[in-house]
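Everything on this sheet refers to the single structure shown next.
The values are calculated or read from the model by the stated rules, or taken from the named source; none is laboratory data. Remember, predicted model here, so these are calculated numbers, not experimental data. Methodologically, a virtual Cβ is constructed for each residue, glycine included, from the backbone with ideal geometry; neighbour enumeration extends over all protein chains shown. Side chains are part of the model used for accessible areas, which takes the heavy atoms of the whole protein and leaves out ligands, DNA and RNA. Shrake-Rupley method; radii C 1.70, N 1.55, O 1.52, S 1.80 Å.
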Amino acid sequence: MFVLNRVLFAGSIIVPESTSLTACHFSAVHRLTCPRRNSPYSSVDSERYSSLVKSVMSSRVSSQTPETLQAEDDHVYGPVVKAQMPSRTEQRLPKTLHPFINSERTVETEEPEAGPPARILLNRGKSRPFIPSVTRILQQTLSPEQIFYLERWKRRMIAELGEEGFKEYSQNIFKQGKLFHSALEDILTSADTWRNKNLSETPQCPPEAQGYIQSISHVLEDVSAVRAIESSVQHGSLNYLGIVDCVARYRGVLCVIDWKTSEKPKPFLSNTYDNPVQVAAYAGALNNDGNYKYQVENGLIVVAYKDGSPAHAHQINSELMSEYWKTWLIRLEDYREQKSSASSSMSPEK
């Protein structure tokens, strides 16, 4: 702080003698005396400028709008049906928790595994009552979300390939899968070719299956003691059946093995959709089928690729199998309720 002993004229401000001023007061006076600069925007017509901004902001940057994009998508792929969001409810449990393991049998860890693999053919005689398959039950109990995505994929494939092209594509996929399973069966039943490093070059492997066989070659190195191949299984009390691809030991653990083909990578078990439920259903049927004297608690899903890239092998331990078994029981209950409702609606009113 300092004292001014004289009168300071600063514009119209008069500071009397012996008035105390702080440094900040002095600098403020100095700033007040500086001439004010004119803003470069002072000459802008604000009303006209405001109108220009509103005009630019309200104009369309692109000729496409959500409505036109939707119309274009509908024209190419067909109208999109929005899937209903699943309601968040408590985890559903089966009404009756049927056992996964047959209590009348003991789980043998070191069972005899000599002899050729079993292959029990499926017998659907006209005199036999109809028994639904695992595949049929799963297909008819898909969730609305699963149905939506399947239909969406089909629409897009038809839009790209056409009706006839999509039909031919589906037939080729089925044919390739059948050839792959057939070649794999020959390999697993032949000790000479099983350990061959060039499995895809064996004479019995058709060209359409060579990429798939090469894809699973590293998985086959860990497969041993094959017990069953393409063999039917039936659950007597739950009244359903299926055909297991393979029952063998994978890295020493007895598993129901399901061989799948895919054009897209499926590195996670969640990418296989209902396949784990299918494997659990097969294992549960095998454990309760009198044609098999052993029990299976584990599963394995192997996804093979046509380009020969290494297959993904997804192991399902006994704890996971138990959970997927519960899901299967729920799907089985849903299937029976559907059939019961359909039968009651078709019956004549009294």
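Structure notes:
- Taken together, the residues in region 201-228 that are among the aliphatic types (A, V, I, L, M) and open to solvent by 10 Å² or more (accessible area, probe 1.4 Å) amount to 2.
- Of the numbered criteria (1) assigned to a strand (DSSP E or B); (2) farther than 17 Å from E185 by Cβ, the one D258 fails is (2).
- Test result for L286, out of contact with any helix residue (DSSP H, G or I) (no Cβ under 6 Å at 6 or more places or on another chain), open to solvent by less than 40 Å² (accessible area, probe 1.4 Å) and of a type in the set (A, V, I, L, M, F, W, C): yes
- Residue check, S215 farther than 15 Å from L300 by Cα and at pLDDT 95 or above: yes
- Verdict on V277 being in contact (Cβ under 8 Å) with a residue 60 or more places away in the chain, closer than 25 Å to G177 by Cα and not in a helix (DSSP H, G or I): no
- Exclusive hit being among the hydrophobic types (A, V, I, L, M, F, W, C) and within 20 Å of the chain's Cα centre (by Cα), set A285, A248, A280: A280
- Scanning region 266-284 for residues that are within 17 Å of L329 (Cβ to Cβ) and out of contact with any His (no Cβ under 9 Å at 6 or more places or on another chain) yields D274, V277, Q278, V279, A280, Y282, A283.
- Checked against the criteria, V256 counts as touching a Gly at 6+ places or on another chain (Cβ under 7 Å) and modelled with pLDDT of 95 or more.
- Considering each residue of region 89-103 in turn, none proves to be at positive phi, surrounded by fewer than 11 Cβ atoms within 10 Å (Cβ to Cβ) and modelled with pLDDT under 85.
- Single residue of I330, I316 found to be more than 16 Å from I101 (Cα to Cα) and modelled with pLDDT of 95 or more: I330
- Residue match in region 158-181 (condition: aliphatic (A, V, I, L, M), open to solvent by 50 Å² or more (accessible area, probe 1.4 Å), more than 30 Å from I330 (Cα to Cα) and over 26 Å from the mean Cα position of the chain (by Cα)): no
- Test: residue in region 248-265 that is closer than 23 Å to R136 by Cα, open to solvent by 30 Å² or more (accessible area, probe 1.4 Å), in contact with a His (Cβ under 8 Å, 6 or more places away or on another chain) and not acidic (D, E): no
- Residue match in region 296-318 (condition: in a helix (DSSP H, G or I), under 30 Å from G211 (Cβ atoms) and open to solvent by 10 Å² or more (accessible area, probe 1.4 Å)): no
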